[in-house]
Structure formats: structure tokens, C-alpha cells
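Asker: Sending over a structure as C-alpha cells; questions will come in a sec.
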Amino acid sequence: MPQDVRFDLPFDTPVSPHLAPARDLHLRWVRERGLVRSRAGFEEYESWDLAGAAARTYPYASADDMVVLMNWFSLAFLFDDQFDAGRPDRAERIAEVARELIATPLRPAGTAPRVECPITLAWAEVWSHLSDGMSLTWKSRFAASWGRFLVAHCEEVDLAARGLAGTLGLADYTAFRRRTVGIHHSIDAGERSRGFEVPAAAMAHPLMERLRDLAADTIGFMNDIHSFERERRRGDGHNLIAVLHRERGCSWQEAADEAYRMTTACLDEYVALEARVPGMCDELGLDARERARVAMGVEAIQHWINGNYEWALTTGRYAAAKEGPVATAELAGRGSVDDLLTV
């Protein structure tokens with residue numbers, strides 16, 4: 001399954017004009033905060049082009065905010081890779097760090113973390129900037145989404161530690177993937193990137209909830225397709241193609257074809273429901289300014305669907321072949337060259 005599998009997306013999204021200068025500042029920050037600790041780790045991280053992902057998913061962020069968002073991406077992705085299949089005892093340390101990451105948005109901004117490692121120290125710094133100027137309602141919503149994502153990550157790590165990584169059936173996996181992909185809080189950050197908030201009544205409406213869920217499903221399934229070679233190399237059974245292959249006893253190509261069909265079905269439903277947003281605004285009696293904020297909220301979802309897709313086609317994170325220390329780490333079941341869970 002090649003990385004550059006294409007989908008026909010019905011919308012285009014811009015790229016931030018601040019990409020190049022923000023990337024330089026971001027890469028310096030990553031090194032200074034100890035989020036990469038070796039030459040191989042830095043080269044691998046740089047190949048991922050997370051700066052490009054942030055510039056595509058948050059295209060209207062200011063120059064300063066773009067750096068903050070890139071920094072957030074780095075700690076989230078690098079934490080995701082800290083599990084070592086050869087050390088199942090490491091699952092407890094991951095859970096300890098995850099609890100600290102969950103607690104940070106629930107404390108006053110700027111509070112020093114109680115569990116210290118490069119990941120937690122970086123997140124405390126990033127959160128103080130990311131939360132700046134946002135309401136308690138938004139902070140609580142973000143914290144809840146972020147918490148669900150991190151709890152799901154710990155559940156995934158625990159399954160792997162117990163040798164159960166490839167045991168979820170399709171129904172359980174699709175529900176689980178919606179949480180592990182981490183899209184809800186990522187869409188929330190789209191509001192912060194443009195300095196607005198979707199009206200609470202709209203956020204609570206079933207239509208908006210379904211749009212966000214469909215975006216998570218679409219992006220999660222696309223991610224499984226684009227990252228399949230990397231995950232198969234690592235022996236990671238948490239992948240839609242692997243689940244279909246195992247549960248249905250079909251070939252890898254048949255499983256990939258079905259994964260593609262499922263992804264397209266989610267995208268088609270999303271597009272159909274998006275057309276009903278004006279009717280939702282009528283139903284809620286929203287005024288012109290509130291409707292504009294809803295429209296920007298929908299754009300934030302579009303930016304994530306398309307921006308993540310464009311990034312995934314070329315990122316070195318999902319490259320089919322790796323060499324050197326990175327290849328050694330992946331073949332041993334590790335996602336990261338560097339250990340970021342110790343001081």
C-alpha cells in the first residue's frame with residue numbers, strides 16, 4: 001500500500017504564509033527543549049515536516065501562534081511514539097506522563113508540572129500560550145477532548161504491552177480510532193488559531209457533533225492507509241487495513257480497498273451533512289456574527305481534513321523505507337529513536 005494514495009476531496013485549503021520563518025524557530029525550540037536528543041532523532045523528526053502539517057491545518061494563525069502550534073504538534077507526535085514493545089513495563093511510565101499532560105489544562109496556566117520530562121515541560125509552556133485569550137468554556141472543551149485522546153493512547157499502549165494490539169474487532173476498532181486519532185481537540189485549536197469561538201449552542205447541536213466525528217473517522221482512516229507500511233514494519237496491529245485483513249480473512253489488497261471505501265463513505269457523509277449547517281443556524285436562531293463563527297468552525301474542520309491529507313502524502317514519518325537507527329528502532333517495535341520520558 002503506497003503512501004501517496006489519493007482521495008478526491010471537495011475543498012482546498014490554503015497554506016500559512018508564515019511557514020518558512022516559523023519552521024526555523026520551531027526546529028530551534030525542539031532542540032532547545034530536549035524533544036530530540038540525537039542527530040538521528042533530529043533528522044528523522046525534520047523529515048516528518050510537522051511544521052508543514054501545522055501550516056496546512058491552521059493556515060490563518062499569526063506568525064507567533066504558528067510557532068506555538070508547531071511546537072504543540074512536536075510534543076504530541078513525539079509522545080505518541082514513546083512506547084517500546086520490547087519493554088512492556090514502560091506502559092506505566094507513559095500513563096504517568098499522560099496523566100500529567102491531561103492535568104495541565106485543568107490547572108492555572110503557567111503551573112509547573114509535577115511529573116517532569118521533556119514532554120511535560122514543553123506542554124506546560126505551550127499550553128500557557130495556546131490557552132491565552134480563550135474562554136473557560138473553550139478551555140474546558142479542549143481539555144476534555146485532549147484528555148479523551150490521551151486516555152485512549154494509554155489504552156492502546158496497554159493493549160500492546162499485554163500482547164493484545166491486534167485483537168480489536170472492526171466495530172470496536174472504529175470507535176477506538178475515533179478517540180486515538182485526536183482530531184476533536186485539534187479542531188478546537190482551529191478556533192484559537194483565528195481568535196474566535198463557535199457558539200456554544202452550535203457546538204452542542206447533534207449536527208456539529210456528527211460533523212466532528214465524521215472528520216475524525218475520515219482523517220483516522222486516511223492516516224491508517226497512508227501510514228500502513230510504517231505500522232506494519234513496527235508490528236502495530238492498530239490499523240484499519242490490518243484489522244480488516246485479520247477479521248475478514250481477506251488479502252492485504254482487498255483489505256486496503258475496503259479501507260479506502262470506508263474512508264470515502266465517511267467523507268461523502270461529511271460533505272452531505274455540511275450542506276445542512278445553514279439550516280442548523282436557522283433552527284438555533286443565530287445572528288449574522290454567530291453564523292460567521294459557525295462558518296469559521298466548519299472551515300476549521302475542512303482545514304484539518306484537507307491539510308492533514310496533503311501533509312500525509314509526502315511526510316517522511318510514513319515513508320515506506322527507513323535506514324540506520326530509525327529502521328533499527330522501528331524493527332524493534334519502537335516509534336522513536338530518543339527517550340523523552342526521562343529528565
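The values are calculated or read from the model by the stated rules, or taken from the named source; none is laboratory data. Please read all numbers here as calculations on a predicted model, not as lab measurements. Note: ideal-geometry Cβ built from the backbone for every residue, glycine included; neighbour counts use all protein chains shown. Surface areas here come from the heavy atoms of the whole protein model, side chains and all, with no ligands, DNA or RNA. Shrake-Rupley method; radii C 1.70, N 1.55, O 1.52, S 1.80 Å.
Asker: Kindly list the number of the only condition in (1) open to solvent by 40 Å² or more (accessible area, probe 1.4 Å); (2) in contact (Cβ under 8 Å) with a residue 24 or more places away in the chain that fails for ALA275.
Answerer: (2)
Asker: Just give me the residues in the range 182-204 being among the acidic types (Asp, Glu) and buried (at least 24 other Cβ atoms within 10 Å of the Cβ), in sequence order.
Answerer: ASP188
Asker: So, one more: Within the range 70-84, identify whether any single residue is on the phi > 0 side of the Ramachandran plot, in contact with a helix residue (DSSP H, G or I) (Cβ under 8 Å, 6 or more places away or on another chain) and of a type outside the set (S, T, N, Q), and answer yes or no.
Answerer: The answer is no, given that none of the residues of the range 70-84 is on the phi > 0 side of the Ramachandran plot, in contact with a helix residue (DSSP H, G or I) (Cβ under 8 Å, 6 or more places away or on another chain) and of a type outside the set (S, T, N, Q).
Asker: Could you pull out the residue among GLU116, GLU100, GLU125, GLU92 that is part of a helix (DSSP H, G or I), open to solvent by 50 Å² or more (accessible area, probe 1.4 Å) and over 26 Å from TRP311 (Cβ atoms)?
Answerer: Result of the check over GLU116, GLU100, GLU125, GLU92: GLU92.
Asker: Now a separate question. Of all residues in the range 181-240 being part of a helix (DSSP H, G or I) and of a type in the set (S, T, N, Q), which is nearest to ALA275 (Cα to Cα)?
Answerer: The extreme case among them is THR218.
Asker: Among (1) modelled with pLDDT of 95 or more; (2) out of contact with any helix residue (DSSP H, G or I) (no Cβ under 8 Å at 6 or more places or on another chain), where does ASN223 come up short?
Answerer: (2)
Asker: Six or more apart or on different chains, Cβ under 8 Å: which pairs go from a residue in the range 38-49 that's in contact (Cβ under 8 Å) with a residue 24 or more places away in the chain to one that's of a type in the set (S, T, N, Q) and surrounded by fewer than 18 Cβ atoms within 10 Å (Cβ to Cβ)? Could you list them?
Answerer: As it stands, the answer is ASP49/THR314, since those pairs meet every condition given.
Asker: Out of the range 304-321, which residues are polar (S, T, N, Q) and in contact with an Asp or Glu (Cβ under 9 Å, 6 or more places away or on another chain)?
Answerer: ASN306, THR314, THR315
Asker: Scan the range 134-151 and tell me whether some residue there is more than 20 Å from the chain's Cα centre (by Cα), closer than 21 Å to MET70 by Cα and outside any helix (DSSP H, G or I).
Answerer: Yes, the range 134-151 contains a residue that is more than 20 Å from the chain's Cα centre (by Cα), closer than 21 Å to MET70 by Cα and outside any helix (DSSP H, G or I).
Asker: Can you give me the number of residues within the range 222-248 that are touching a Ser or Thr at 6+ places or on another chain (Cβ under 8 Å), open to solvent by 10 Å² or more (accessible area, probe 1.4 Å) and without any contact (Cβ under 8 Å) to a residue 60 or more places away in the chain?
Answerer: Here the count works out to 1.
Asker: Ok, one more. Of all residues being among the acidic types (Asp, Glu) and part of a helix (DSSP H, G or I) in the range 278-323, which is surrounded by the most Cβ atoms within 10 Å (Cβ to Cβ)? Just the residue, please.
Answerer: Taking the candidates together, the pick is GLU310.
Asker: Now for a separate question. Restricting attention to the range 16-52, report how many residues are of a type in the set (Gly, Ala, Ser), surrounded by 22 or more Cβ atoms within 10 Å (Cβ to Cβ) and either under 19 Å from the mean Cα position of the chain (by Cα) or outside any helix (DSSP H, G or I) (or both).
Answerer: Total meeting the criteria: 2.
Asker: Given the options SER38, SER62, SER74, SER47, name the one that is within 30 Å of GLN253 (Cβ to Cβ) and among the hydroxyl-bearing types (Ser, Thr, Tyr).
Answerer: Sole residue among the options that is within 30 Å of GLN253 (Cβ to Cβ) and among the hydroxyl-bearing types (Ser, Thr, Tyr): SER47.
Asker: Taking the options ASP64, ASP12, name whichever one is over 27 Å from GLU231 (Cβ atoms) and assigned to a loop (DSSP other than H, G, I, E, B).
Answerer: Values: ASP64 fails: assigned to a loop (DSSP other than H, G, I, E, B).
The match here is ASP12.
Asker: Would you tally the residues in the range 254-263 being touching a residue at least 60 places away in the same chain (Cβ under 8 Å) and either farther than 17 Å from ARG177 by Cβ or aromatic (Phe, Trp, Tyr) (or both)?
Answerer: Qualifying residue count for the region: 1.
Asker: Farther than 26 Å from MET70 by Cα, assigned to a loop (DSSP other than H, G, I, E, B) and open to solvent by 10 Å² or more (accessible area, probe 1.4 Å), is that true of LEU168?
Answerer: Criteria met by LEU168.
Asker: Checking GLU269 against (1) assigned to a helix (DSSP H, G or I); (2) crowded, with 18+ Cβ neighbours inside 10 Å; (3) out of contact with any Ser or Thr (no Cβ under 7 Å at 6 or more places or on another chain), which single condition isn't satisfied?
Answerer: Failed condition: (2).
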